[in-house]
Amino acid sequence: MLAALNNEPLKKIEFDFGSITLRNDGVMLVVFKPYTLINAEKSERLKQATLELGGGQKFPFLIYLGENCSTDDTLMQFARNPENKYSNLEAIVISSTIQKILGNLYNRFMKPVVPTKLFTNAADAEYWLKNG
């Protein structure tokens, strides 16, 4: 996933459920391991790590959802909160049809406060973040 030289990590924090990395191209990369339930506790740990890595600045986020990852409504409520001070753009790379269905429903009805788009192809997600 971290292929190109300009995407090298500057700082990285590992969790039992995945990792968050600030890359030198200014993208915050979040990778969730397969079968992760993204709940309030994990969301809070990610928020704290984002503050630690980014020093309170907003970044475009590239989020990889592993196979069969899911979320409770805590993360969805946070993404809808106008006080979201962590991201300014979110590209989410999904790995299953059910993630696509749920993600499209979320984008349509829950209305995230930052532009958010789903992708099945990592290269397309990277392109959209940089040129979208």
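The values are calculated or read from the model by the stated rules, or taken from the named source; none is laboratory data. Remember, predicted model here, so these are calculated numbers, not experimental data. Here Cβ is always computed from backbone atoms with ideal geometry, including for glycine, and neighbour counts include all displayed protein chains.
Candidates are the residues of the range 13-48 that are under 13 Å from the mean Cα position of the chain (by Cα) and outside any strand (DSSP E or B); the one that is surrounded by the most Cβ atoms within 10 Å (Cβ to Cβ) is 46.
Restricting attention to the range 67-94, report how many residues are under 14 Å from the mean Cα position of the chain (by Cα), surrounded by fewer than 18 Cβ atoms within 10 Å (Cβ to Cβ) and at pLDDT 85 or above. Counting residues in the range 67-94 that are under 14 Å from the mean Cα position of the chain (by Cα), surrounded by fewer than 18 Cβ atoms within 10 Å (Cβ to Cβ) and at pLDDT 85 or above gives 1. Of all residues in the range 7-34, those that are over 19 Å from residue 128 (Cβ atoms) have Cβ atoms under 6 Å from Cβ atoms of residues that are in a loop (DSSP other than H, G, I, E, B) and of a type in the set (A, V, I, L, M), 6 or more apart or on another chain, in 32/65.
Going residue by residue through the range 119-129, is there one that turns out to be of a type in the set (Val, Ile, Thr) and either surrounded by 14 or more Cβ atoms within 10 Å (Cβ to Cβ) or at pLDDT 90 or above (or both)? Before you say what the answer is, go through the steps one by one.
The initial filter retains those residues of the range 119-129 that are of a type in the set (Val, Ile, Thr), namely 120.
Narrowing the set further to residues that are either surrounded by 14 or more Cβ atoms within 10 Å (Cβ to Cβ) or at pLDDT 90 or above (or both) leaves 120.
The answer is yes; a qualifying residue exists.
Flag: residue 14 does not match the condition of being acidic (Asp, Glu) and either at pLDDT below 95 or under 16 Å from residue 69 (Cα atoms) (or both).
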